[in-house]
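Only the coordinates and a few stated rules stand behind these numbers; no lab work does. All values derive from a computational prediction rather than experimental measurement.
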Amino acid sequence: MPTPNRTLRNALVIWLYAAALMHLLAGLTLTWAGHSGLLDAYLSTIEQAFWGANVVPATARTQQVWWLALFGATLQSYALYMLALVHIGNRLKSAMPWGWIIAGILLWAPQDMLISAQAQVWSHLWLDSLALLLLLPPLFWLYRHDRHTSLTDNASSDSNHG
């Protein structure tokens, strides 16, 4: 019979798989939907941050779509690495993969938030804050749970061999 911790662990792992897949979908969208009109409202908010009320040159939009496409491709690879680390963490029940995801998020978030604040693109600060809120608590819980479980397993394994 599954314990409450095991059930919670499984739910958090599924949540992280879903988050990684959403990153992959977002990356694909950013890479391939720039000229479709789907991202026009978002692109307009970015343009307002840099151009204000001025007329935005068409080449600025073209360049912005190009940068989004590059970022989308990068996000796709991040999503793949996140999927791999979630899978490894789940299979091995090891704290290390969770720790690496935490480290990556803590490397990314402050820089992204600072750069966004400097450009006064507040939507990114909200999105980054939401990502931190949705990802870090489950990751820290999994890190602590799997670290404790592996320490307990190692202690019992050592006592069986002694």
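Considering every pair of different Cα atoms, what Kirkwood radius, in Å, is found for region 7-151? Computed over Cα pairs of region 7-151, the Kirkwood hydrodynamic radius comes out at 16.7 Å. Build a GNM of the chain with springs between Cα atoms under 10 Å apart, and of Ala73, Ala26, Ala58 the one that fluctuates most is Ala58.
Mean residue ellipticity, 222 nm, helices only, the chain: the sum of -39500 (n - 2.57) across DSSP H runs of n ≥ 4, divided by residue count and rounded to 500, is -31000 deg cm²/dmol.
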